[in-house]
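The values are calculated or read from the model by the stated rules, or taken from the named source; none is laboratory data. Note that the structure is a prediction, hence the values are computed from the model and not measured. Using ideal geometry, Cβ is built from the backbone for each residue, glycine included, and neighbour counts are taken over all protein chains shown.
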Amino acid sequence: MPSSEIIGWFADIGLSDRPTVGGKGGSLGELARAAIPVPPGFVVRTAAFERFLSALEKDEPIRTRVEALDENELDKILALSQQLRARLENSMLPDDVNSEILAAHAELCGEGNNPPLAVRSSATMEDAADASFAGLQDTYLWTIGTRATVRCVRSCWASLYSAASITYRRKHGLPESGVAMAVVVQAMVNARKAGVMFTRSPMTGDRSVVTIEGSWGLGSSVVGGEVTPDRFVIGKITGEISVREISDKHVQHEPAPGGGIQDVETPEEFRKVPCLSDAEIVALRDIARRVERHYGRPQDIEWAIDYAGEIHLLQSRPETVWSAKDRAPVARPAENPLQHVMKIFGGRR
Amino acid sequence: MSTTVTTKTKGFPLPSSLKVIAGTEQAQAAYPYYIQFTKEDDDRFWFYNSMHFPEPMSVFDMITAEAAYCALGSANTRVHCLPTTLGIDYRVLNGRVYIGGNAVADPDEVAKRTQEFQKRAFYYYANWERLFAQWKNKMMALIREAEALPKLDLPEFEPLEHVHAGRGIASNHYILDTYQRTLEGYFRMWHHHFEFLLLGYGAYLTFFDFCKKAFPEISDQTVARMVAGLEAEIFRPDDELRRLAKCAIDLGVEGQFREGVSPDEVIRSLKQLGEPGAAWLRELEVSRHPWFNINVGDGFYHYHRSWNDDLSMPFAALPGYIANAKRGERLERQTDKLMAERKQLIADYRELLETAEERAAYDQMIELAHRVFPYVEGHKFYCEHWYTNLFFNKIREFGALLARHGFFPDTEDVFQLSHYELESAIVDLMTSWSNGSLPRGPERWPAIVRERKAAIAEWAKHETPPALGPVPDIIDDPAIVMLWGITRENLDTWLTAGEQPNSNEIKGVAASSGVVEGCARVVKSAEEIDRLSHGDILVCQVTNPSWAPVFQKIAAAVSDIGGSMSHAAIVAREYGLPAVVGTGTATQKIKDGQRIRVDGGRGIVTLLE
């Protein structure tokens, strides 16, 4: 099926589509179109959310009630949040939205197959370089089957009305009319190992290195901070691995029987063993460099390596901490280039 | 080049607290009075120049320190007028050379010197190519002068042709004259040596400093790779060996080159082969002059002999090069490929800079570094190798002459006399030759020579402190930072070295990346090089260009001395071998035959057993 107002296949979308596919969806599409390996998938666009919400608001208003809340009245926020989330999670989708999602799901999974999927919130504000809004919406891993998928899509939408999200929006005075969410539905990588990487040093801001953190199993254990990952630093250009900090990786996230994920104790023989080989570190570096080149700025990337040894990128967003710093140039060109040597010969004054 | 300022109450021992080792007092007194420590020296900071003088110096060899610091000091203080530093003072104790910088503290003086510096150094930078070409001519003329010094001869009767030609000056005069010219040439050579050196390093460090600020985690070796050239003469000796290996194959005489066969035997067997063998020996002569004028050390000790003096080093390498060539490996250094890599590296880092402004400054700095750095790489062959070999061999001729006249038993004993004492012995000899009486030296020198040799052997057994005197808050002397790599951080490491528990890790400069485990071969001198087997890890005090041929068979290299631009580092990178240099203590801590791991990317050597 082709992309539509409701569905956007990764191949058809990019960053410029962020208003309708959200930050995460736009970024995944952008990566896919740049031939960076991302698991296949589609985005349920914001229009689907809008139609769902309009249908619900015909019965009872939602947005005006949220906007009427005071950020300091936590009780009221909690009460309304609970009520709205339940409504969103339990209401039927409009027929046209529902059928398009089912059709896209069938096409993604293939006739008669039910591979595990990841269903991930993709808010239109999330992942913008200037908002640290990321992480307030939900992600559902290892969902299996159409029913579970549609339920997770609704849950993602419902997470927009979590107490934390509402409080955040009220605090920043964000208009509810501008709040929309797209949802990414994509093939799940059965990760042997996974983690994050930055195309600069988080410590010094150095852009000539790639810092990689990884652990066994799904990357959620690293992103969620449940395990101290192994840490590697590799020269972006030289490929020299300058840091290898191998930690005790006591736990890993693995698929649970029947869907979802579970904590599993890492087998003793793997706990203190590096989760990445040098060749994998180099391969991750190569991909990180391609992604950064594509975007033209430092990136913060989530990656996974499956049991066949294939690398998949699950997310890439602009690095925000160092990029926002005002820094004086290291040096400016001099009218007489020889003046530069005075840095060395001129003393510390 | 700023370094962190920390307050430390700890310091190094004062010079006055360091004692001459018992029984060596006379040997210590043989060094000139102006390099003995005095009470006033307690107020200053000194460090042991283990980089250039890792072993106790014989009293003659001290001429190298004398000539070098004279020339370095005048270049800094009087010629280029470095704004913040004058020359280097040096002292000797127990045969060890301690040095200390002379900083310029007064801001007015710095300002005045800055003006002078810019009139002088900037002129050199601006006219570098012309002045460097002129330098090579001067240096070659100096070498030709040294080569042309007359042979030493004190015949029974003055040759008749001298008499008939009315020369009017007897042979003994020329002995003294030749000696004085030999010394004069050596002192002059060191002035040439320092004419460009600090300026060359300064341009390199300017770029280095920029890179470290723009890319805080960049390794020293990466910056070195961006600057290093590949055409320097210092690579030629090794290139010549590859050429000779190929010649041997082309001439069909390669079968004569086998591991463990001495150069004499090889040459004898080649001579028996008729024309093909003779043809190869002619090619050998082409290579030898001048490219085997490379010595097996840094050239600062008389016993660092050249390949020409001892062919065993180059001949030990030939079987390996021949085997490589037969396997179809390209023998020539792939300079075009390496240059393309350098260009790419520079472009890649440039791309990572944040602004056009920074990129423009980067371009200016790398351009200057590329223009001037070839001097830093190229001068060594002419100065520390070719000329120094000529010099020490000329002194050997005086040693042979004096030994013939009974001044001491062995030619090499001449190096136990200071250059002043040697002149007195020569005058003694010329006097006795002219008078027909006996020289006095044979009664005087043998005992002194024995005593001094024993003292050097004794001194070598004792460790000496890495530094003396109060610890400076900062080390801001560009000469010391550039030439010795001494920073405040180094000093803190030295100060705490004794406190750390025994560790199985040795830290050094990450010189060439890669991780390798293997058997350590601790090689203390060039004569031991044939102990290295394929796949061994070379552990040595310092490597220098004449050791390049061993890199074809080793798996990694570790040295006590050296930085990211040292010879070992450059060659290891070229061969793609892991290398850790400047460890300070590897040859003491690693046992011969021990299994070790070398992590050249992190600069760490791990003892595995």
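Inspect the stretch B:64-84 for any residue being in contact with a strand residue (DSSP E or B) (Cβ under 8 Å, 6 or more places away or on another chain), closer than 19 Å to B:L417 by Cα and modelled with pLDDT under 95 and give the result as yes or no. There is no residue in the stretch B:64-84 that is in contact with a strand residue (DSSP E or B) (Cβ under 8 Å, 6 or more places away or on another chain), closer than 19 Å to B:L417 by Cα and modelled with pLDDT under 95. Checking the stretch B:88-97 against the condition returns no match, with no residue being more than 14 Å from every other protein chain (Cβ to nearest Cβ), crowded, with 20+ Cβ neighbours inside 10 Å and part of a helix (DSSP H, G or I). Only one of the numbered conditions (1) among the β-branched types (V, I, T); (2) in a loop (DSSP other than H, G, I, E, B); (3) within 9 Å of another protein chain (Cβ to nearest Cβ) is not met by A:V321, and that is (3). Here the stretch B:363-388 is the region considered, the condition is being more than 22 Å from B:V296 (Cα to Cα) and in contact with a helix residue (DSSP H, G or I) (Cβ under 6 Å, 6 or more places away or on another chain), and the residue that is nearest to the other protein chains (Cβ to nearest Cβ) is B:Q364.
For the stretch A:262-289, the set of residues classified as of a type in the set (D, E), over 28 Å from A:P115 (Cβ atoms) and either touching a strand residue (DSSP E or B) at 6+ places or on another chain (Cβ under 9 Å) or within 14 Å of chain B (Cβ to nearest Cβ) (or both) consists of A:D278 only.
From the list A:G259, A:G217, the one residue that fits, being away from chain B (no Cβ under 14 Å) and at pLDDT below 90, is A:G259. Only one of these is on the phi < 0 side of the Ramachandran plot, among the hydroxyl-bearing types (S, T, Y), surrounded by 15 or more Cβ atoms within 10 Å (Cβ to Cβ) and without any contact (Cβ under 8 Å) to a residue 40 or more places away in the chain: B:S269, B:S287, B:S306, B:S312. Name it. Result: B:S269 is the single residue among B:S269, B:S287, B:S306, B:S312 that is on the phi < 0 side of the Ramachandran plot, among the hydroxyl-bearing types (S, T, Y), surrounded by 15 or more Cβ atoms within 10 Å (Cβ to Cβ) and without any contact (Cβ under 8 Å) to a residue 40 or more places away in the chain. Suppose the filter is in contact with a Ser or Thr (Cβ under 9 Å, 6 or more places away or on another chain), more than 10 Å from every other protein chain (Cβ to nearest Cβ) and in contact (Cβ under 8 Å) with a residue 60 or more places away in the chain; does A:I311 pass it? Considered against the rule, which asks whether it is in contact with a Ser or Thr (Cβ under 9 Å, 6 or more places away or on another chain), more than 10 Å from every other protein chain (Cβ to nearest Cβ) and in contact (Cβ under 8 Å) with a residue 60 or more places away in the chain, A:I311 comes out as no. When the stretch A:302-349 is limited to residues that are of a type in the set (A, V, I, L, M) and within 18 Å of A:R192 (Cβ to Cβ), the one that is surrounded by the fewest Cβ atoms within 10 Å (Cβ to Cβ) turns out to be A:A308. Only one entry of B:V522, B:V515 meets the criterion of being touching an Asp or Glu at 6+ places or on another chain (Cβ under 6 Å) and away from chain A (no Cβ under 14 Å), and that entry is B:V522.
When B:Y69 is tested against (1) touching a residue at least 40 places away in the same chain (Cβ under 8 Å); (2) crowded, with 19+ Cβ neighbours inside 10 Å, just one condition goes unmet, and that condition is (1).
Listed here are the residues, each with its yes/no results for (1) buried (at least 24 other Cβ atoms within 10 Å of the Cβ); (2) within 12 Å of chain A (Cβ to nearest Cβ); (3) among the small types (G, A, S).
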site: B:H192; (1), (2), (3): no, no, no
site: B:Y201; (1), (2), (3): no, yes, no
site: B:K213; (1), (2), (3): no, yes, no
site: B:E217; (1), (2), (3): no, yes, no
site: B:D220; (1), (2), (3): no, yes, no
site: B:M226; (1), (2), (3): no, yes, no
site: B:G229; (1), (2), (3): no, no, yes
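Scanning the stretch A:189-211 for residues that are away from chain B (no Cβ under 14 Å), of a type in the set (A, V, I, L, M) and in a strand (DSSP E or B) yields A:A191, A:A194, A:V196, A:M197. The numbered conditions (1) modelled with pLDDT of 95 or more; (2) over 18 Å from A:S122 (Cβ atoms) are all true for A:E73 except (1).
Among the residues of the stretch B:465-487, those identified as among the β-branched types (V, I, T) and more than 20 Å from B:L197 (Cβ to Cβ) are B:V471, B:I474.
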